[in-house]
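Input: a single structure, listed below in structure tokens.
Nothing in this text is a laboratory measurement; each read-out follows from the coordinates by a stated rule. Keep in mind that what you see is a predicted model, and the values were worked out from it rather than measured. Neighbour counts are summed over all protein chains in view; Cβ atoms, including those assigned to glycine, are modelled from backbone coordinates with ideal geometry.
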Amino acid sequence: MKALILNGEEIDGLSLNYISESIKEELKANDFKVEEILLKEKEIADCLGHFKCWVKTPGICIIDDYGRETAAKLINSELVIFLTPVIFGSYSYQLKKALDRMIPLISPYFKRIEGEIHHRKRYSKYPSILAVGVMERINQVQSEIFKELVERNSINFHSLFFEAEVLELDDDFDTKKLKNAVKEISEKIGEQND
Amino acid sequence: MIKFKKAILLIGSPKSKNSSSASLGGHLLSKIEEYDIATETVQLPFEISTEAKRIQFLEKIEETDIIILAAPLYVDTLPAKVIKALSLIAENRKDLNLKNLDSDKRKSFSVIVNCGFPEADQNKTALKVCEQFAQAAGFKYLGGISIGMGEAVSGRSLLEMGRMANDLIKGLERAADDIVRNHRFSDSVIEKTSKAMISPRWLYTLIGNFSWRFQGFQNGVYRKMNDKPYLKVKHND
């Protein structure tokens with residue numbers, strides 16, 4: 001099984017390296033091959049919003065940069081990890097910039113899913129999502145918004161499973177909650193693949 | 001008595017033409033202008049592209065009384081560049097001592113989010129994010145307008161859209177009145193602006209699906225619309 005960590009730490013922002021290493025360790029213990037992309041080090045332009053990836057070069061973004069490679073890696077993974085500082089309940093610029101470029105992975109055509117209209121699948125399988133949000137001090141309202149956002153993403157990206165955790169990054173950072181979240185989603189994916 | 005002097009519209013779309021956000025925000029701003037308020041429109045993705053522009057942009061925000069964001073929904077929340085711009089504003093204002101400032105004396109912030117799905121409710125998470133931003137920046141949050149079927153607008157003037165935009169236009173007019181009076185959006189604003197522009201809903205999705213096919217046909221890729229170019233690409237282990 002493959003897992004892809006999209007590390008959305010910001011330039012001059014909180015370092016998420018320690019958390020990333022903990023996630024990797026736990027994923028490896030759960031039989032995942034892990035790759036991490038530190039997004040701020042990659043050339044990924046902002047989405048232009050023209051939908052050319054649907055109607056001109058179907059399935060491929062017209063911008064030829066690392067966004068394409070990220071999309072290719074993501075769709076061929078069983079699990080994607082969104083690692084990000086929580087910004088107003090949403091994702092960091094670095095993570096969101098990459099996610100905005102993932103829409104070539106879905107189809108433009110509409111489909112009803114649980115009473116709402118969404119875009120159809122382009123591929124038969126999509127990765128499950130584990131989102132790990134980090135805050136210097138926990139804000140309950142923003143934590144709830146973050147979890148709601150991850151759930152919405154799991155619908156639009158056709159993910160079978162999703163988990164979302166928000167952690168406080170302090171000196172006594174406890175990895176237990178994080179490891180439990182990794183373990184829980186790993187087991188679900190493992191059972192599905194059996 | 002009207003006390004505001006200047007309003008700024010922040011367009012969150014990267015598109016320089018056919019932007020629904022520009023149409024919707026532009027209409028709201030034109031109604032605010034009728035109250036003799038000076039207005040300015042900026043397109044966020046270009047406004048913060050260099051350090052010099054960022055400084056100028058932040059100065060503009062500080063010189064403004066009314067701030068309105070009109071943005072598309074990208075992947076269930078605000079587009080990346082909008083998150084960046086809002087972060088810059090909040091960061092720039094974090095040391096201002098606004099705790100004891102009466103909310104009515106703060107700059108006001110309101111938002112329009114539009115999505116291409118028929119259900120306006122799909123913007124709800126993005127609106128919550130905007131409210132959190134307003135709080136972090138010390139703005140008075142007047143509310144969020146949530147619009148579905150945004151593709152039906154696609155850069156057109158709302159006045160040219162005929163009956164389908166009647167409720168939307170009325171709702172935006174009332175929103176302008178609420179903004180100028182520094183009031184939280186009234187229920188009628190939310191009710192009018194969230195109404196479906198095309199009914200029944202299946203008709204919108206039918207037209208939408210046809211439109212994607214037609215664009216694919218025009219670009220000579222009709223038969224490739226369901227291609228899976230990244231299937232079986234291996235990781236660099």
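So the values come out like this:
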| item | result |
| --- | --- |
| Helix B:51-62 axis, angle to chain B major axis (alpha carbon atoms, nearest 10°) | 50 |
| Shielding by partners, peptide A:89-102 (average Cβ within 10 angstrom, other chains) | 6 |
| Per-residue HN-Hα couplings for region B:185-195 [Karplus 6.51, -1.76, 1.60; θ = phi - 60°; Hz; x = Gly/Pro] | 4, 6, 4, 5, 5, 5, 5, 5, 7, 8, 5 |
| Burial ranking of peptide ranges A:72-82, B:192-202 (average Cβ count within 10 Å, highest at the top) | A:72-82, B:192-202 |
| Candidates A:Ala71, A:Ala98, A:Ala45, ranked by Gaussian network fluctuation over chain A, Cα under 10 Å, top entry | A:Ala45 |
| Chain B: angle of helix B:80-93 to the longest principal axis, Cα-based, in degrees nearest 10 | 10 |
| Length added when fully stretched, A:Ile62-A:Asn180, from 0.36 nm per residue minus Cα-Cα | 38.6 nm |
| For peptides B:179-188, A:101-110, sequence by mean Cβ density within 10 Å, most packed first | A:101-110, B:179-188 |
| Per-residue average of Cβ from other chains inside 10 Å of A:52-58 | 6 |
| Span from the region B:143-171 Cα centroid across to the region A:1-28 one, whole angstrom | 42 |
| 10 Å Cβ neighbours from other chains, averaged over peptide B:70-79 | 6 |
| Relative contact order for region B:147-237, counting Cα pairs under 8 Å that sit 6 or more residues apart, in percent | 26 |
| Distance (nanometres) between label positions extended 7 Å along Cα→Cβ at A:Glu168 and B:Asp121 | 3.5 |
| Burial ranking of peptide ranges B:141-151, A:139-149 (average Cβ count within 10 Å, highest at the top) | B:141-151, A:139-149 |
| Under 5 Å, built H, 5+ apart or other chain: amide partners of B:Phe109 | B:Ile67, B:Lys140, B:Tyr141, B:Leu142 |
| Links that overshoot a 22 Å alpha carbon limit, given the list A:Lys96/B:Lys192; B:Lys31/B:Lys94; A:Lys2/A:Lys188; A:Lys52/B:Lys224; A:Lys2/B:Lys228; A:Lys97/A:Lys188 | A:Lys96/B:Lys192; B:Lys31/B:Lys94; A:Lys97/A:Lys188 |
| Separation between Cα centres of region A:108-126 and region A:148-194, rounded to whole Å | 22 |
| Crossing angle, helix B:124-137 versus chain B [Cα axis fit, 0-90 degrees, rounded to tens] | 30 |
| GNM result for chain B, Cα springs below 10 Å: residue of B:Phe117, B:Phe46, B:Phe109 fluctuating most strongly | B:Phe46 |
| Karplus (6.51, -1.76, 1.60) ³J(HN,Hα), θ = phi - 60°, over region A:51-58, in Hz, Gly and Pro reported as x | 6, 5, 5, 9, 10, 10, 10, x |
| Max mean-square fluctuation residue, GNM over chain B, Cα-Cα springs under 10 Å, options B:Ala52, B:Ala134, B:Ala22 | B:Ala52 |
| Helical mean residue ellipticity (222 nm; -39500 (n - 2.57) per DSSP H run of 4+; nearest 500) of the protein assembly as shown | -12000 deg cm²/dmol |
| Built amide H within the under 5 Å cut-off of B:Met149, gap 5+ | B:Cys115, B:Phe117, B:Glu119 |
| FRET efficiency estimate (nearest 0.05) - Cβ-Cβ, B:Phe46 to A:Glu187, R0 51 angstrom | 0.65 |
| Set of aspartates and glutamates with alpha-carbon distance to B:Lys84 below 14 Å, sequence-local pairs under 8 removed | A:Glu9, A:Glu10, A:Asp12, A:Asp46, A:Asp100, B:Glu47, B:Glu51 |
